[in-house]
Amino acid sequence: MVAAVRVHKTGGPESLTYEDVEVPAPGSGQIRVKQHAAGLNYIDTYIRSGAYPAPLPFVLGNEGAGEVTAVGQGVSDLKVGDRVAYVVTLGGYAAERVLPADRAVKLPDGISYEQAAGMMLKGMTAEYLVQRTFKVEKGHTVLIHAAAGGVGLILGQWARHVGATVIGTVGSKEKAELAKANGYHHTILYREEDFVARVKDITKGGLCEVVYDGVGKDTFPASLDCIKPLGMFVSYGSASGQIDAFNINILQAKGSLFATRPTLNTYNAKREALVKSAGDLFKVVTSGAVKIPINQKYSLKDAQKAHRDLESRKTTGSTILVP
Ligand SMILES: NC(=O)c1ccc[n+]([C@@H]2O[C@H](COP(=O)([O-])OP(=O)(O)OC[C@H]3O[C@@H](n4cnc5c(N)ncnc54)[C@H](OP(=O)(O)O)[C@@H]3O)[C@@H](O)[C@H]2O)c1
């Protein structure tokens, strides 16, 4: 038996139950991993609450890092003792777990378990958003909402690294400082200021090639007014609630815009894509171009508090849970 955080009935943070669970031997194509740390992500709150349904009961958590303790039949590229990290739906909030071997990648020496647990999901998301959903290039201007959040701090550094001017919205002055220390050229306090007016001002009316929006309801449709004609609206999350159905003609009215609602699962569905995405992430992190700020660390048994803090906008950067 190992310590884990399970959900028996979906709901608020109180539905996270710290208890012992059985960990089976790995089946064909699977590995067992002794976890050193698990990542906390906003998507965990959607799954916990039932907004993204999962069969009950389940161990929550989508991301983690640790040491391989057993390999199942047919697994040839990983062995006991390997240091690995992964993104897989469900099972991350546990001291030990089983997962499909083809979702794990070996960790380079320069990346610690805690760093990996804080960056695989958020960092590979930043990778596909900046390199594949919209290819950010030198000279572009980019707006990123919730700039001081987990994805936000990594995305801003990566966009700056490729040469863009990066504008970020944040919920407080402290978060603005943090965003500025992590790649952002300009910050906007979007709870007090009109962010569209500020973007117009900062860009001298030129606007942005792309807006990356993980906030959703509260920043829509104003985000569209920050985008140049033929630019891209990337709605990749909904921390403030889902965007309601919208009339597609609004994209015509705002300048023949493109809009997409991407997910990491689709972009990294194929093993080759996952390995390339993780490799690109490891490269920018080991070179020092992108730092992974692990700003909160909770014991696994305090998962309820971690969720409360995340949902009440108290966290910044990455958060990990340690067994
Ligand atoms: N599509 C994908 O592939 C993908 C992958 C990873 C994450 N995501 C999405 O990306 C977003 C960020 O994820 P994350 O894990 O890095 O979380 P996070 O950004 O660390 O936390 C969410 C942040 O959103 C902001 N926010 C604005 N309105 C909010 C509200 N009403 N309630 C709570 N927070 C609010 C807060 O920052 P301020 O105080 O600065 O406003 C808060 O800190 C989430 O929507 C997540 O689902 C999508």
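The values are calculated or read from the model by the stated rules, or taken from the named source; none is laboratory data. Small disclaimer: the values here were computed from a predicted structure and weren't measured. Cβ: placed from backbone, ideal geometry, glycine included. Neighbour counts: every protein chain shown. Remember, those area values only see protein heavy atoms, side chains included, never the ligands or the DNA or RNA. Shrake-Rupley method; radii C 1.70, N 1.55, O 1.52, S 1.80 Å.
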Exercise for the section: Quickly run through segment 200-240 and pick out the residues that are open to solvent by less than 10 Å² (accessible area, probe 1.4 Å), part of a strand (DSSP E or B) and away from the ligand (no atom under 16 Å from the Cβ). Expected result: C208, I227, G231
Completion exercise
When segment 280-301 is checked residue by residue, the ones that are in contact (Cβ under 8 Å) with a residue 12 or more places away in the chain and either polar (S, T, N, Q) or away from the ligand (no atom under 15 Å from the Cβ) (or both) are D280, F282, V284, V285, T286, A289, K291, N295, Q296, S299, L300, K301
Exercise for the section: Having 2 or more residues that are of a type in the set (A, V, I, L, M) is the bar; report the helices (runs of 4 or more DSSP H) wholly within segment 244-323 that clear it. Expected result: 249-253, 271-286, 303-311
Practice task
Kindly indicate whether L274 is within 16 Å of the ligand (Cβ to nearest atom) and either under 23 Å from T89 (Cα atoms) or acidic (D, E) (or both).
Solution key: yes
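Any idea how many residues of segment 55-73 are of a type in the set (A, V, I, L, M) and open to solvent by less than 10 Å² (accessible area, probe 1.4 Å)?
Filtering segment 55-73 down to residues of a type in the set (A, V, I, L, M) leaves 56, 59-60, 65, 68, 70-71.
Narrowing the set further to residues that are open to solvent by less than 10 Å² (accessible area, probe 1.4 Å) leaves 60, 65, 68.
Selection size over segment 55-73: 3.
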Problem - Set G152, G168, G156: member being open to solvent by less than 10 Å² (accessible area, probe 1.4 Å), of a type outside the set (A, V, I, L, M, F, W, C), more than 11 Å from the ligand (Cβ to nearest atom) and under 17 Å from V215 (Cβ atoms) - result: G156
Fill in the blank from the handout: Filter segment 15-54 for residues that are away from the ligand (no atom under 15 Å from the Cβ) and among the hydroxyl-bearing types (S, T, Y); the one that is most open to solvent (accessible area, probe 1.4 Å) is Y18
Exercise for the section: Residue by residue through segment 244-268, note down the ones that are within 16 Å of the ligand (Cβ to nearest atom) and modelled with pLDDT of 95 or more. Expected result: A259, T260, R261, P262, T263, L264, N265, T266, Y267, N268
Exercise for the section: Being of a type in the set (G, A, S) and farther than 29 Å from Q115 by Cβ narrows it down to one of S235, S240, S256, S318, so name that one. Expected result: S256
Exercise for the section: For segment 275-289, indicate whether the set of residues that are within 17 Å of the chain's Cα centre (by Cα), modelled with pLDDT of 95 or more and within 22 Å of L60 (Cβ to Cβ) is non-empty. Expected result: no
